[in-house]
């Protein structure tokens with residue numbers, strides 16, 4: 001049995017959040033391994049094999065593989081691919097590419113989900129800035145996960161930061177989600193909107209915060225494989241994501257190796273972050 005609040009959002013006990021942290025660390029360590037593995041000449045399918053070996057080697061299960069028929073362990077989205085790219089060996093990564101890697105794992109029945117975007121060798125400064133803005137927008141959204149704030153505050157903080165940085169497209173139909181005993185749970189978490197709307201945050205709620213930003217338009221389309229989302233104008237896209245628990249002491253970033261402590265201590269004025277001292 002799992003407790004839910006009046007909005008149907010799963011509320012975890014501290015012990016259950018600790019289990020999610022264990023799953024999150026599997027994902028965090030796997031993504032760091034993949035970050036180090038990205039280089040010209042490697043294929044997305046090579047990265048997928050590295051990820052599956054790493055996840056299973058920790059006694060966990062890749063949560064993407066077989067999910068609604070998805071055929072791989074990671075989503076690997078290159079350049080103008082926004083999300084849900086299927087890893088293949090058809091094209092090796094080239095100098096100047098960017099690749100978004102989305103990864104999930106199940107450990108003891110609990111899910112972790114996180115994504116990074118990595119440059120391949122030297123990339124154009126506009127792509128470096130796209131990745132920086134996307135990652136910082138994610139952290140601004142994560143910092144909103146404090147007790148008493150509202151669900152829509154995540155998207156508001158993401159959008160407010162993005163709009164302060166230039167003209168980037170924010171795909172309207174994609175966003176974050178609740179997470180726990182399932183990878184995708186209610187509620188949906190928008191990357192835009194007005195603040196102060198929706199359920200208030202309570203300790204034990206867990207969400208995946210995941211902005212996607214495009215260099216051009218926010219408009220996207222899905223390829224014939226029924227998975228890969230690409231930008232309409234062919235311009236590049238970046239994606240970052242963390243799974244986060246709401247606690248009495250602030251957000252605990254379950255998929256960050258330091259629990260989010262370093263970044264959130266800056267954004268939240270030194271407020272303590274539960275569990276942030278451990279990478280175990």
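Assorted remarks:
- Cα gyration tensor shape of the range 14-268, rounded if a/c is under 1.5, else prolate or oblate by comparing a/b with b/c: oblate
- Cβ crowding within 10 Å ranks 90, 39, 263, 29 as 90, 39, 29, 263, fewest other Cβ atoms first.
- Most mobile of 112, 28, 66 in a GNM of the chain (Cα contacts under 10 Å): 66
- Three-way shape call for the range 86-152 based on the alpha-carbon gyration tensor, with the a/c threshold at 1.5: oblate
- Relative exposure of 232, 106, judged by other C-beta atoms within 10 Å (fewest first): 232, 106
- Subtracting the Cα-Cα distance of residue 219 and residue 184 from their residue separation scaled by 0.36 nm leaves 10.3 nm.
- Rounded if a/c under 1.5, otherwise prolate or oblate - the range 140-257, Cα gyration tensor axes: prolate
- Order of 99, 9, 61, 154 under a 10 Å beta carbon neighbour criterion, fewest first: 61, 9, 99, 154
- A protection proxy built from the mean count of other Cβ atoms within 10 Å ranks the segments 44-51, 115-122, most packed first, as 44-51, 115-122.
- Linear extension gain, residue 37 paired with residue 122, 0.36 nm per residue minus alpha-carbon span: 29.1 nm
Laboratory data are not the source of any read-out in this text; all were calculated from the coordinates shown. Keep in mind that what you see is a predicted model, and the values were worked out from it rather than measured. When we count neighbours, we look across all protein chains shown, and the Cβ atoms used for this are built from the backbone with ideal geometry, even at glycine.
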